[in-house]
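Note sheet for the following structure.
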Amino acid sequence: MNSIQLIIDIILILWLLILTVLYLRKKSLNLNIVKNKKIVRAKRYIVFYVIAESKVKGDDLERVVRNSLKDLLGNVWLNIANPKVVTYREDTQEGIISTNRIGYKAVLASLPFAKEINGNKILIVPRRTTGSLKKAKKLIGLK
Amino acid sequence: MVFSEDGLVGIKRVTIKAENGNQLKKMLKKPFIERDVLVFVKPLSIDALKYAIINKRVNAVILADDNMRIFKKSMLNLLRSYDKFVEVSLKSSSGLLYNAIVFAYKWIPNIIFSSYASDFNEIWSPISKISYLTVLGADEEEAYKFVILNPIKLLNELNSTNN
């Protein structure tokens, strides 16, 4: 009878030991942080308007924005943020820049450094940052 | 908020460059220093900086790349005790801006960051200013304070002295 009790005790101790090891390993690896992978990759859309001496094109604008970000924070942040002018209305001079949650502040900070397009003085004014393209399009008057 | 040298837009400001305390004293007596004008001083020596901090007519002291060396620990403590405003240009090097943010946390709570724009394409929007300061190491709340609240505080100070 005593030997059976001893076996049960050993099994229980082993089981508790395994549970403790698994718990500690999970804690040391910080497995909880990986949960937010989806949020880290989330997109951000910066709604902006342009004040310029004469009208500018969307392609030129994207080139200038990318160059200013590269000048300010280098190639690494340019690749992380990867700003793109997804929509640009030439009639109202409003547009949307797509970037991500990590790099949108870098893009916002670099916008005042975009001062000229082919000798034409410009000022890019960020209006609002949103998480959905639909809302961003609504803000510039597109359905 | 706009503080302009010509006074055409926003509130008029005057910037004085001072080599020493006596020169600054003479400049402050000139007729163009009116009551409703903001006086900004760029001191080029420790003597001028001391006088600018102590004088009540001086609204803010300018911190730039060429006078960074005179902002020593004792001067920063003096700035803190007199609760003086310090202005930093966003055209300055990013190293200076980083140092200014560090100073702001430890010594100068009343710091303002100006664009020093001479043309429309040099103006900074508040969102870009806050993001730039955040990229340089400031907290978002503090950056908001530097960009929006401190200029209002400076304006209130001017209004309270005039009334």
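The values are calculated or read from the model by the stated rules, or taken from the named source; none is laboratory data. Keep in mind the model is a prediction, meaning the values are calculated, not measured. Cβ sites come from the backbone with ideal geometry, for glycine too, and all protein chains shown count toward neighbours.
Here the strands (runs of 3 or more DSSP E) wholly within the stretch A:75-143 that include at least 3 residues being under 27 Å from B:A143 (Cα atoms) and within 9 Å of chain B (Cβ to nearest Cβ) are A:120-130. When the stretch B:83-133 is filtered for residues that are within 9 Å of another protein chain (Cβ to nearest Cβ) and among the hydrophobic types (A, V, I, L, M, F, W, C), the ones remaining, listed by number, are B:L90, B:F120, B:I123, B:W124, B:I127, B:I130, B:L133.
Could you say whether any residue in the stretch A:66-74 is in the same structural domain as A:P126 (by TED's automatic domain parsing), surrounded by 21 or more Cβ atoms within 10 Å (Cβ to Cβ), modelled with pLDDT of 90 or more and farther than 16 Å from B:K129 by Cβ? So far as the stretch A:66-74 goes, yes, one or more of its residues are in the same structural domain as A:P126 (by TED's automatic domain parsing), surrounded by 21 or more Cβ atoms within 10 Å (Cβ to Cβ), modelled with pLDDT of 90 or more and farther than 16 Å from B:K129 by Cβ.
Is it the case, given these coordinates, that B:K153 is farther than 24 Å from A:I46 by Cα, among the basic types (K, R), out of contact with any Asp or Glu (no Cβ under 9 Å at 6 or more places or on another chain) and part of a helix (DSSP H, G or I)? Taking the combined requirement at face value, the residue satisfies it.
Within the stretch B:117-161, being under 26 Å from B:L78 (Cα atoms) and of a type in the set (S, T, Y) holds for B:Y144, B:S160, B:T161. The one condition from (1) touching a residue at least 12 places away in the same chain (Cβ under 8 Å); (2) closer than 23 Å to A:P112 by Cα that B:D139 does not meet is (1). Please enumerate the residues belonging to the stretch B:1-36 that are touching a Lys or Arg at 6+ places or on another chain (Cβ under 8 Å), among the hydrophobic types (A, V, I, L, M, F, W, C) and buried (at least 17 other Cβ atoms within 10 Å of the Cβ). Hits for the stretch B:1-36 are B:F3, B:I16, B:A18, B:L28. The test for being surrounded by fewer than 18 Cβ atoms within 10 Å (Cβ to Cβ), among the basic types (K, R) and in contact with a strand residue (DSSP E or B) (Cβ under 9 Å, 6 or more places away or on another chain) holds for B:K153. Somewhere in the stretch B:99-107, is a residue under 15 Å from B:P151 (Cα atoms) and not hydrophobic (A, V, I, L, M, F, W, C)? No: zero hits. Candidates in the stretch B:130-150 are the residues that are hydrophobic (A, V, I, L, M, F, W, C) and not in a helix (DSSP H, G or I); of these, the one that is farthest from A:Y104 (Cα to Cα) is B:A138. Quick one: is B:D119 charged (D, E, K, R), surrounded by fewer than 13 Cβ atoms within 10 Å (Cβ to Cβ) and under 23 Å from B:I16 (Cα atoms)? In short, yes. Every condition in (1) touching a residue at least 12 places away in the same chain (Cβ under 8 Å); (2) at positive phi is met by B:G10 except one, and the failing one is (1).
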